[in-house]
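**Q** Structure in structure tokens, see below.
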Amino acid sequence: MDYLWLKAIHIAAVITWIGGMLIVAVTTTAFSAVAQCQTDTGRVAFFAQIRRWDRSITTPAMLTVWAFGLALAVTGQWFSQPWLSVKIALVLVLSALHGVLSGGLRRLALGQQPYGVATIRYAAAGIIGIVVAVVVLVVLKPF
């Protein structure tokens, strides 16, 4: 596949993945602070819809990011570059955070308090900070 197509698909998947993670982070943070929605049925339906989005859009976007990102690294022969190692570590953190958020969303849908409430509370800021760091690494390739 052409390098520019790999890059375009990778960037589109990144935007979709990060957008989905931010939706889950903000939603989970907002509702973990609130004991109940107006009704149990309303809460379950709300979280079922958000979980459906996470499973059908956000998670496949994350997998696409990994597949096309690794393809770009192979095509660009960047595996010996230190900046790529740092980027991969940061993307691993984002992937783990996605798992924490998905688990928190699942628990909220069951009417339970999510694990790692402190982590979830600062997830949106962490996501944005990591994305900024990754963009700086990719654009500047500082080392």
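**Q** May I ask you to list pairs of residues, at least six apart or on different chains, whose Cβ atoms are under 7 Å apart, with the first in the range 132-143 being in contact (Cβ under 8 Å) with a residue 60 or more places away in the chain and the second being aromatic (Phe, Trp, Tyr) and surrounded by 10 or more Cβ atoms within 10 Å (Cβ to Cβ)?
**A** Filtered contacts from the range 132-143: 141/83; 143/83.
**Q** Here's a follow-up. Take the conditions among the hydrophobic types (A, V, I, L, M, F, W, C) and under 17 Å from residue 15 (Cα atoms) and apply them to residue 74. Does it pass?
**A** no
**Q** Test each condition in (1) out of contact with any Phe, Trp or Tyr (no Cβ under 6 Å at 6 or more places or on another chain); (2) over 20 Å from residue 16 (Cβ atoms); (3) surrounded by fewer than 19 Cβ atoms within 10 Å (Cβ to Cβ) for residue 135 and report the one that comes out false.
**A** (2)
**Q** Please state which one of 112, 77 is surrounded by fewer than 12 Cβ atoms within 10 Å (Cβ to Cβ), within 30 Å of residue 43 (Cβ to Cβ) and out of contact with any helix residue (DSSP H, G or I) (no Cβ under 7 Å at 6 or more places or on another chain).
**A** Of the residues listed, the single one that is surrounded by fewer than 12 Cβ atoms within 10 Å (Cβ to Cβ), within 30 Å of residue 43 (Cβ to Cβ) and out of contact with any helix residue (DSSP H, G or I) (no Cβ under 7 Å at 6 or more places or on another chain) is 112.
**Q** Please tell me if residue 64 is assigned to a helix (DSSP H, G or I), in contact with a helix residue (DSSP H, G or I) (Cβ under 6 Å, 6 or more places away or on another chain) and either within 30 Å of residue 44 (Cα to Cα) or not aromatic (Phe, Trp, Tyr) (or both).
**A** For residue 64, the condition - assigned to a helix (DSSP H, G or I), in contact with a helix residue (DSSP H, G or I) (Cβ under 6 Å, 6 or more places away or on another chain) and either within 30 Å of residue 44 (Cα to Cα) or not aromatic (Phe, Trp, Tyr) (or both) - is met.
**Q** Go through the range 92-127 residue by residue and tally those that are at pLDDT 85 or above and aliphatic (A, V, I, L, M).
**A** The number of residues fulfilling the criteria is 12.
**Q** When you go through (1) closer than 26 Å to residue 6 by Cβ; (2) under 18 Å from the mean Cα position of the chain (by Cα) one by one for residue 119, which number turns out not to apply?
**A** So the condition that residue 119 fails would be (1).
**Q** Filter the range 85-116 for residues that are in contact (Cβ under 8 Å) with a residue 40 or more places away in the chain and over 25 Å from residue 48 (Cα atoms) and give the result.
**A** 86, 87, 90, 91 - these are the residues of the range 85-116 that are in contact (Cβ under 8 Å) with a residue 40 or more places away in the chain and over 25 Å from residue 48 (Cα atoms).
The values are calculated or read from the model by the stated rules, or taken from the named source; none is laboratory data. Computed from a prediction, not measured in an experiment: that's the story for all the values here. Quick reminder, even Gly has a Cβ in these numbers, built from the backbone with ideal geometry, and neighbours come from all protein chains shown.
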